Amino acid sequence: MGAALDALVDEALRTGALAALPDKHLIGGKQFPSARGGRMETFDPGRGESFATFAAGTAEDVDAAVRAARAALKGPWRRMPPAERGRILARAAALLRAQADRFAVVEALDAGKRISEAQGDVAGAARAFEYYAGACDKLQGDSLPLARDYLGYTVWEPAGVAALIVPWNYPISTTARCLAPALAAGCSAVVKPAEQTPLTALMLAELLLEAGLPEGACNVVTGTGRDAGAPLVAHPGVDHVTFTGSVATGIGVMQAAAPNVTRVLLELGGKSPVVVLADCDMDKAVEGVLGAIYENAGQICSAGSRLVIDRGIHQAFVERLVGRVRAMTVGHGLRDADVGPVNSKRQLERVAGFVDGAKERGRRVAVGGARAVDPETGKGWFFQPTILDDVPADDPVVQEEIFGPVLTVQVFGSIEEAAALANGTPYGLVAGIYSRDLSKEHALARDIDAGQVYINEYFAGGIEVPFGGTKRSGFGREKGLEGLRSYCRVKSVVARI
Ligand code: NAD
């Protein structure tokens, strides 16, 4: 770690907080307290203690933010040439890299992430701005082959005011992955970060102003889903909603957007399988499976939370996993232990509830299975990295998203059974495959119903790769050029000449 990062980590660990954190909404380029004066606390999950307060937004704040976004859309932002939009986004990427240490420490403190993961998230967010910066002036339409006396063409227009609702597990990277393409497409935005992790979205919006973004093109309203998120989705001045979060809330968001016929993009939950065939490179597969479930303490929509493994190597593979898991350290994210905390007390209860239920049903706990604390302070919201072995396909821990460091193991006897098990949940976000047999890998990639398939490296790829769900994992695509089109609408123009 560099000296600047060390100093920030030290300040956060010593004082339990950080100086000069943002604590107000950012609307029309200015900071505002909540119209009704409400404030909320945000917590350090590694200690389980509050460390800052911020504005608790309501419908009045949302309305001001949507008006500011609409004014920017009609004004300077709409008139700006795409190449200039691109320069602003490129400057934002550079500024984010220059301020990466502070962003990473704030993110680690607020979300409970390991500092090295938070650094990766900030670098990924900068990369998203860089990627979409280069795309602003490449949004070209088509010329349409009509009869001789007609001229037809399409234009990619911005969708309008985009409401971006973000969950707590990847605050800055999820914000960047929807905000960067929205701005690149020429939309203006109102971001509603999760109430558990409001800080880096506010910092990012300030940074965008510094990069030259016109006031009002990006607004942030903080607060709860009920008081700030719901009025945003239902606001008639919103043209597009990107919602990233749970299935239950996503269904409500879709319903709330319906009366205004507002378009929605839903990035919801997952229960993603990692299918390991007997011919795999065992070392790579073991590391891949561990990273797929224990990164961010399993709080990843696309976590590989189900190991689907060939009967022939099941026992040996699980033994190796268990050996590696026993050696993992659990502790505060700022000390960069192998596994950090879960984000909230409520989430810890949920994870523990799933595992307790599995134990009551007689499921075998191969390793872990209990709550934990930070060894330095005896505090925090931690759960041991856990493996539940040989679980039947209809068990709730296989069917439902736990969103914690809990891996379930399912055993197959044939490749057809592997595909059936992989497909046997209501979700379809991601699937991983480990094998050395090219044709089996691609047959499985064809047969598994998921938005993305990773072969021999889980989480392979970056911002260039379109991402989204099938089934109850949602619809619409983010990332890649697909992600840019998600913030556009196509206008067709036909002239008789
Ligand atoms: P959540 O649905 O409770 O909250 C997500 C966001 O929605 C928060 O900002 C919240 O304040 C807001 N919200 C809550 N109620 C709302 C309402 N009625 N109207 C509008 N906004 C509302 O989800 P969570 O528990 O914060 O996040 C975890 C879930 O998110 C998991 O299911 C996870 O899989 C999913 N997720 C999906 C992806 C993906 O890309 N598919 C990425 C990250 C997380």
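All of the numbers you see were taken from the coordinates with simple rules; none came from a lab. In this text the structure is predicted, and so the values were computed from the model without any measurement. As a convention, Cβ positions derive from the backbone with ideal geometry for all residues, glycine included, and neighbour counts pool all protein chains shown.
Before moving on, here are some points about what is shown:
- Within the span defined as segment 126-135, every residue fails to be within 15 Å of the ligand (Cβ to nearest atom), more than 30 Å from Asp338 (Cβ to Cβ) and touching a helix residue (DSSP H, G or I) at 6+ places or on another chain (Cβ under 9 Å).
- The condition of being in a loop (DSSP other than H, G, I, E, B) and in contact (Cβ under 8 Å) with a residue 60 or more places away in the chain holds for only one of Leu5, Leu13, Leu18, that being Leu18.
- Evaluation of Leu96 against (1) under 18 Å from Met203 (Cα atoms); (2) in contact with a Gly (Cβ under 7 Å, 6 or more places away or on another chain) (one fails), failing number: (2)
- Options Gly461, Gly476: the member that is on the phi > 0 side of the Ramachandran plot and loosely packed, with under 15 Cβ neighbours inside 10 Å: Gly461
- Test for Leu26: is it of a type in the set (A, V, I, L, M, F, W, C), part of a loop (DSSP other than H, G, I, E, B) and touching a residue at least 12 places away in the same chain (Cβ under 8 Å): no
- Residue match in segment 301-314 (condition: under 19 Å from Phe475 (Cβ atoms), more than 19 Å from the chain's Cα centre (by Cα) and touching a residue at least 40 places away in the same chain (Cβ under 8 Å)): no
- Scanning segment 426-478 for residues that are more than 19 Å from Glu416 (Cβ to Cβ), basic (Lys, Arg) and touching a helix residue (DSSP H, G or I) at 6+ places or on another chain (Cβ under 9 Å) gives Arg472, Arg477.
- Scanning segment 379-418 for residues that are touching a residue at least 40 places away in the same chain (Cβ under 8 Å) and small (Gly, Ala, Ser) turns up Gly380, Gly404, Gly413, Ala418.
- Helices (runs of 4 or more DSSP H) fully within segment 171-256 that include at least 3 residues being near the ligand (Cβ under 9 Å from one of its atoms) and aliphatic (A, V, I, L, M): 230-233.
- Strands (runs of 3 or more DSSP E) wholly inside segment 386-468 that include at least 1 residues being in contact with an Asp or Glu (Cβ under 8 Å, 6 or more places away or on another chain), of a type in the set (Val, Ile, Thr) and more than 19 Å from Gln299 (Cα to Cα): 406-412, 430-434, 452-455
- Leading residue by the ranking (nearest to Thr249 (Cα to Cα)) among those in segment 261-281 that are of a type in the set (D, E, K, R) and surrounded by fewer than 22 Cβ atoms within 10 Å (Cβ to Cβ): Arg263
- Exactly one residue among Gly368, Gly362, Gly353, Gly323 is at positive phi and loosely packed, with under 14 Cβ neighbours inside 10 Å, and that residue is Gly362.
- Out of Val166, Val161, sole residue that is more than 10 Å from the ligand (Cβ to nearest atom), within 17 Å of Gly229 (Cβ to Cβ) and touching a residue at least 40 places away in the same chain (Cβ under 8 Å): Val161
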